[in-house]
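Engineer: I'd like to ask some things about the structure below.
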Amino acid sequence: MIALDRPIVMGILNLTPDSFSDGGELSTLEGAVERGERMVAEGAGILDVGGESTRPGADLVDPDEEIDRILPVVTRLASRLSVPISIDTRKARVAQAALAAGASIVNDVSALGFDPDMVHVVAGSGAGVVLMHMRGSPLDMQERAQYQDLVGEVVSELRRSVARAEAGGIRREAIVVDPGIGFAKTAAHSLRLLGRLERLGALGLPILVGPSRKSFLGEVLDVPPRQRAVGTAAACVLAYRGGARIFRVHDVKATREALAVAAAVEEA
Ligand code: HH2
């Protein structure tokens, strides 16, 4: 169980050739492990390891290929670090392999909807799980970014995902919810959700947000993904004020410092 009385930064470790902001950066085991260790030194309280990009239009990766990408890194990090390791995958076989290698959280952008075996893997392992809001899949999600009542629909669709997870045997204490910034959302939707996040509090579960370097920040700032660290930190502080407690980001140090100030203000 992770204490959520203070904000927790989840550092992103993408072992993909094609992620939108850092694809292809970590092509060796040593490089990936070093990056993970650096993020923990900078204050990451969780590391999120992923082997498949979920950017709009991304190709599906074969599960064996995804396992080859993530397994050596999860194994090495789990033996060297004490922070929890999360596996960012939609596939039950990948999650199972990562959990067996020492991961303890499954971060599924499809909220267990992509692979019918996923709910059993999570329930059987006792792992934590992040249920993220999305519609469709990364291939077609942006066509589905149509809402009458954006926040109300995100809350009710997340509520259904939580109910499905619990019906499949996952304990409520293991569940974290995520509004899915940029997933089946336009930039305006992502901004509006960040500004109304407190309404997700109705679900009564911890909230994770993943605004890191995303295109809604590009629309505001007009800078490329790698220059969006300050914008990401600002989005995280606002999300913290709206009740979020876990922040999935690439730029750990900037976000951790911004959140430390936000938490100090809250305490004062
Ligand atoms: N965003 C991405 C991937 N996984 N998981 C959660 N829970 N929430 C998110 O917002 C989220 C996520 C996309 O970002 P990134 O990993 O940087 O890019 P890519 O999917 O291209 O690898």
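Engineer: Amide H of R213: which non-local residues (sequence gap of 5 or more, or other chain) have their own amide H closer than 5 Å, using H built in the peptide plane?
Structural biologist: T232
Engineer: Rounded to the nearest 0.05, what FRET efficiency do E198 and D68 give with R0 = 35 Å and r taken as the Cβ-Cβ distance? Could you check? Write out the running numbers ahead of the final one.
Structural biologist: On the way: r = 42 Å, r/R0 = 1.19.
Rounded to the nearest 0.05, the efficiency is 0.25.
Engineer: Label-point separation (nm) for Q142 and E267, each offset 7 Å from Cα along Cα-to-Cβ?
Structural biologist: 4.2
Engineer: Which of the peptides 187-199, 57-69, 87-99 is most tightly packed, and how do the rest follow, judged by the mean count of other Cβ atoms within 10 Å per residue? Walk me through the intermediate numbers first.
Structural biologist: Working: 187-199: 18.1, 57-69: 15.7, 87-99: 25.1.
With the highest mean Cβ count within 10 Å placed first, the list reads 87-99, 187-199, 57-69.
Engineer: List the residues, sorted by chain then number, that are 5 or more residues from G180 or on another chain and whose placed amide H is less than 5 Å from its amide H.
Structural biologist: Residues meeting the amide H criterion: H133, G210.
Engineer: Once you have a ≥ b ≥ c as the square roots of the Cα gyration tensor eigenvalues for the chain, tell me rounded if a/c is under 1.5, and otherwise prolate or oblate according to whether a/b is larger than b/c. Can you show the working numbers first?
Structural biologist: Numbers: a/c = 1.24, a/b = 1.10, b/c = 1.13.
Rounded, since a/c falls under 1.5.
Engineer: Could you rank the peptides 2-8, 164-170, 74-80, 127-133 by their average count of other C-beta atoms within 10 Å per residue, with the highest value first? Walk me through the numbers before you get to the answer.
Structural biologist: Values: 2-8: 14.4, 164-170: 16.1, 74-80: 18.3, 127-133: 23.9.
Per-residue mean Cβ counts within 10 Å order the peptides as 127-133, 74-80, 164-170, 2-8.
Engineer: Continuing with the same structure: Evaluate 2.2 N^0.38 Å with N set to the residue count of the range 33-191, then give the Cα radius of gyration divided by it. Intermediate results must be reported in sequence, preceding the final value.
Structural biologist: Values: Rg = 15.7 Å, N = 159, 2.2 N^0.38 = 15.1 Å.
Here the answer is 1.04, to two decimals.
Engineer: While we're here: What number, in percent, do you get for the relative contact order of the chain if the mean sequence gap of Cα pairs under 8 Å and at least 6 apart is divided by its residue count?
Structural biologist: On the way: 519 pairs, mean separation 51.5, N = 268.
Relative contact order for the chain comes out at 19 percent.
Engineer: Quote the charge dipole size of the chain about the Cα centre in Debye, to the nearest 20; the model charges only the Cβ of Lys and Arg (+1) and of Asp and Glu (-1). Walk me through the numbers before you get to the answer.
Structural biologist: Numbers: 30 positive and 35 negative charges, 138 e Å.
So the dipole magnitude of the chain works out to roughly 660 debye.
Engineer: How high is the relative contact order of the range 111-268, given as a whole-number percent (alpha carbon pairs under 8 Å, six or more residues apart)?
Structural biologist: Relative contact order comes out at 20 percent.
Engineer: Here's something else I'd like to know. Per-residue HN-Hα couplings for the range 205-222, Karplus 6.51 cos²θ - 1.76 cosθ + 1.60 at θ = phi - 60°, whole Hz, x for Gly and Pro?
Structural biologist: Ordered by residue, 3J(HN,Hα) equals 10, x, 10, 10, 10, x, x, 3, 6, 6, 5, 4, 6, x, 5, 6, 9, 6 Hz.
Engineer: Could you give each residue of the range 60-69 its phi-based ³J(HN,Hα) in whole Hz, using Karplus coefficients 6.51, -1.76, 1.60 with θ = phi - 60°, and x for Gly or Pro?
Structural biologist: Once θ is set to phi - 60°, the couplings for the range 60-69 become 6, 9, 4, x, 5, 5, 5, 5, 4, 6 Hz.
Engineer: Compute the distance from the alpha-carbon center of the range 99-176 to that of the range 191-268, in whole Å.
Structural biologist: Answer, in whole Å: 20.
Engineer: Now for a separate question. So, in nm, how far is label H120 from label S82 when the simple model puts each one 7 Å beyond its Cα toward the Cβ?
Structural biologist: Here the answer is 3.7 nm between the modelled labels.
Engineer: May I ask you to evaluate 6.51 cos²θ - 1.76 cosθ + 1.60, the Karplus curve with θ = phi - 60°, for each residue of the range 179-189 and list the ³J(HN,Hα) values in order in whole Hz, giving x for glycine and proline?
Structural biologist: Each residue's phi maps through the Karplus curve to give x, x, 4, x, 9, 6, 9, 7, 4, 5, 4 Hz.
None of the figures in this text is laboratory data; all of them are computed from the coordinates on show. Nothing here was measured: the structure is a model prediction, and the numbers come from that model. Here the Cβ is made from the backbone with ideal geometry for all residues, glycine too, and neighbour counts use every protein chain on show.
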